[in-house]
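Structure first, then comments.
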Amino acid sequence: MRDNKPSKGKIKVAIIPQDNQRGWTKDIMVAELETALAGGRFDILSRDSLNSIIAEQKLANSDLADPSNAIKVGRLGSAQYIIVAKCVSIDVKEGGISIGGFGRREKKMTAKINMQLINAETGSVIKSENYDASDSTSSTQVGSLGGNTSDAPGQESFTKMVKTFAQRFAEVVSLEVPFETTVAMVRDGQVIIRSGAADGVQEGVQFDVILEGEPIRDADGTILERITSRVATLRAAKVSEKVTYCDVVQTYDPNSKVADPAPNLGRIQTDMTVRQVAKTAVAPPRRR
């Protein structure tokens, strides 16, 4: 059971870096994650805001290694989700050769990074991914002064690797943080939904179309939630700026929950709720 509910509109995310041994890695991890998540449906808590909260709470950077402090900072920034990026280790090996005053120096960096996605409301870890990679650089040295004709600082290697890690984790976040939209119309065998590239939708993403039924009420009459049924599964086929054209993968009888032998577009109505599917479920048995 997922504890991250679908959301509408921009989703606020706080990115908290951890590395108590090397301060320079933090800015790189944050910058690459910000870039990877930018331009979609995520609203990233600015570094200035994050630093202000840390200062107000009189926390040292080392205090953020405690998950409870990281979650506290994220909540104070009104973040719905928190990404904790931890530099687990960096290993650098150097070598090279020198002949007649000229030499070539080689440097190989191996980095291991852990990235976690945390639900700020519940404090639970939704996803934790470990990444590791290596990158090699070289420089030419002249004489004993060691003058370089090419630059090979370790930070460039680290940035290159973290860029790849961040892009991969951004895909994980997009799937693990689902969102809601609605059906705009059904036309020419496709379903058009009211979300597009501006909301971070990509081709191939799957959605469920939801029929909202009878409400479940509290003793005072307050609606706690509604009984829902899935009536269709869609796949994004063409993504425009503000809308997405979806193919109908399957439709379902909302009462029996059995899959129709062939898609029945009549089950899908304008303004029905559409929710992103994080993981493809096994289709229920078809009618015979």
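Values in this text are rule-based calculations from the coordinates and carry no lab data. Since this is a predicted model, take the numbers as computed values, not measurements. Ideal geometry is used to build each Cβ from the backbone, glycine not excepted, and the neighbour counts take in all protein chains shown.
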statement: Relative contact order as a percentage, the range 180-276, C-alpha pairs under 8 Å and 6+ apart, gives 36 percent
query: With Cβ to Cβ distances under 9 Å as the rule, what net charge do the other residues near residue 91 carry (K, R +1; D, E -1)?
result: +3
message: Give me the one-decimal nm value for the distance between modelled label points at residue 264 and residue 225, 7 Å along each residue's Cα-to-Cβ direction.
response: 2.6 nm
message: Output needed for the range 178-234: three equivalent-ellipsoid semi-axes, defined as square roots of 5 times the C-alpha gyration tensor eigenvalues, in descending order, whole Å.
response: 28, 14, 10
query: What net charge do the residues around residue 239 carry, taking every other residue with its C-beta under 15 Å from that of residue 239, with Lys and Arg at +1 and Asp and Glu at -1?
result: +1
statement: With label points set 7 Å from each Cα along the Cα-to-Cβ direction at residue 130 and residue 66, the distance between them in nm comes to 2.6 nm
- prompt: Which of the pairs 26/163; 86/163; 10/86; 86/112; 127/160; 26/112 have their Cα atoms more than 18 Å apart in this structure?
  reply: 10/86; 127/160
- line: Cα convex hull volume per residue for the range 157-288, in Å³, equals 150 Å³
message: Between the range 21-87 and the range 166-228, how far is it from one alpha carbon centroid to the other, in angstrom?
response: 27 Å
